[in-house]
Amino acid sequence: MRNWLLAAAVCALYLLHQDVWFWNAARPLVFGFLPVGLFYHAVYSLVVAVLMWALVRFAWPAHLEADADSADTVSNPTAGTGERA
Amino acid sequence: MYLFGTRIWALGKRFGFMTPVQMYRDRWECGHIGTAIFAVQATLLVPYIVIAVMGGGTTLNAVSGGVVPYWFGGLVVAAVVMSYVFFGGMQGTAWVNTFQTVLFLTFGAAAIVFIGVSIGGFPQAIERLADAPETAALLTRERVPPEFFFSYMLIPLSSIMFPHISIFCLTARRMGQFRKTVVFYPLCILAIWLPCTFLGLAANAMTDVPGIESKIEARATLAAERETLSPAETADLQRAAAGDDVIILMLEHYAPLWLAGLLGAGIMAAVMASDSQILALSTMFTEDVFAWYGGKARFGPAVQVQTGRLFVVLIALVAYVIALQAPPGIFGIAVQYAFSGFTALLPLLVAALFWRGSTKWGALAVVAWTAATMTAIAILQAVVPAPPPGTVVPVWTVAGVDVVTRTPGGTDVLGYMPVLPMLLGSSLLMVVVSRLTPKPAPATLDRYFPDRSPSPRP
């Protein structure tokens, strides 16, 4: 359930990049100099970082690390002379 | 990085891969198709090296007040980058990258503060832009079609397909090292794009800077006289209006010489960002071509290294020649060619990691499609000159609908950047061709997709 919520949050945030609501608006100028559309995308980047933190904290694919650690690294099977298409 | 990078790391750890092509060759049991993937990846890296050469030429030319010619500045940057990549290797390049980024961010912050103080504060400058009818649109996206902006949502998908990023993922010591990268990546990107975008915007208010004033005049001439200008005049005006060096022009005007020099060094650090790509090219050539076709076994590791370096010098020479001829607009070149091309290759990685049914022929179709579309765009843009700002040239019209248009910044397909049809086409080809062609052996598939269901109790 938690993973589904995080996946939905990723999709929602991806769509929120297309901020049509600030398309033609320069004002308000945030802090007196930052057009609101630019400010939106600065905040957007901060929110993305928070979501990434949540993914790392609650849905980190630790099984990949455990699998790799438990399996012996095999020699690179593609080294050598190519013979296939 | 979170979704793909961790899985690439796991495969690198388990099977000892160093390059993405080694992974694709093993996953799909192919040889020469892997070479085709290498060729397209290497070709797509050329535009990235081109923009570094252009950035170096433009920056040194602007910093020196025109004393250092563009061609020499680009040559210096290419030579410096290649020298420290050759002698420093991956660790040396990583340290140089770290130093460059710290330098750029530090002096970039100093540039913002200094320019802001020198002009009496940014609020007045932005208010002037907002109040003037001819500049108010710069503070919004009213001149940016939503389809065009939407296309940019696909561009970041290219990042994991850049070979140097894949190589970093394959060769990282611990997967846990990705955690901080995943979280801090959006913040670091913010620290770079926000000051650059804002300073580029604010530059329009600094008409007391001679270099910027002439750019604004060139842009106004382009807009007002676009109907009567010849292609050569249009190209000259577009070059004069290009904004790649506005931050340096602002620094030259507002900062004392010593500070402008330091800040210029920070910008030079940013434009030398092609080092990781050059290192990746060298690694890929030596592993995916030289060693794969038996060169390492026949001639030894010393010749392998030298051959890799020779290959990189040749690629850099090609990039340098292109940079001397390329039109202005560094960002546009990167987006149209390098980023769009690598985004179109994304189905390779998705299919290799997540789809048992994918095949080497599907992979070949993706590579062929990407190469064909990139070539078509390059030819189209060479044959049809860029129109002046605010106009488009229909190239292919069906039933009154402009399907393909030549725009001032490149090419559009139904209003979208080519990256959208390129990605859709390569995804479709991967699915259709894979369904029609034989799968890899079950033993290979079992290595990549092991059965995770619990075994029944005896």
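Derivation of every value follows stated rules applied to the coordinates shown; laboratory data play no part. Just so you know, these numbers come straight off a predicted model, no measurement behind them. Here Cβ is always computed from backbone atoms with ideal geometry, including for glycine, and neighbour counts include all displayed protein chains.
Before moving on, here are some points about what is shown:
- Net charge of Cβ neighbours under 15 Å - reference residue A:40; Lys, Arg +1; Asp, Glu -1: +1
- The range B:30-159 - Rg over Rh from alpha carbon coordinates, Kirkwood radius: 1.07
- Counting only other chain Cβ atoms within 10 Å of each residue's Cβ, the peptide B:33-45 averages 1.
- Rg to Rh quotient for the range B:327-416, alpha carbon positions, Kirkwood Rh: 1.07
- Distance from the Cα centroid of the range B:90-153 to that of the range B:219-236 is 27 Å (rounded to whole angstrom).
- Fewest-first sequence of B:227, B:217 by Cβ atoms within 10 Å of each Cβ: B:227, B:217
- Computed across chain B, the Kirkwood hydrodynamic radius from all distinct Cα-Cα pairs reaches 24.0 Å.
- A Förster distance of 35 Å, applied to the separation of the beta-carbon atoms of residue B:398 and residue A:12, puts the FRET efficiency at 0.50.
- Which listed pairs, of B:180/B:296; B:13/B:180; B:13/B:439; B:180/B:360, have C-alpha distances above 29 Å, in listed order: B:180/B:296; B:180/B:360
- Dipole moment magnitude, nearest 20 debye, chain B about Cα centre, only Lys, Arg, Asp, Glu C-beta charged: 2520 debye
- Highest-first packing order for the peptide set A:51-59, B:73-81 is B:73-81, A:51-59, based on the mean count of other beta carbon atoms within 10 Å.
- Residue by residue along A:55-63, Cβ atoms of other protein chains within 10 Å of the local Cβ number 4 on average.
- Between B:34, B:371, B:79, the Cα set farthest toward the positive side of the dipole of chain B (charges on each charged residue's Cβ, about the Cα centre) is that of B:34.
- The rule of thumb for compact globular proteins, 2.2 N^0.38 Å, goes into the C-alpha radius of gyration of the protein assembly as shown 1.02 times.
- Positive-end extreme of charge dipole, chain B - chosen from B:151, B:300, B:237 (charges on Cβ): B:300
- The peptide list B:7-13, B:336-342, B:120-126, A:26-32, put in order of mean Cβ contacts within 10 Å with the highest first, becomes B:336-342, B:7-13, B:120-126, A:26-32.
- Charge context of residue B:264, other residues only, Cβ under 13 angstrom, K/R +1, D/E -1: -2
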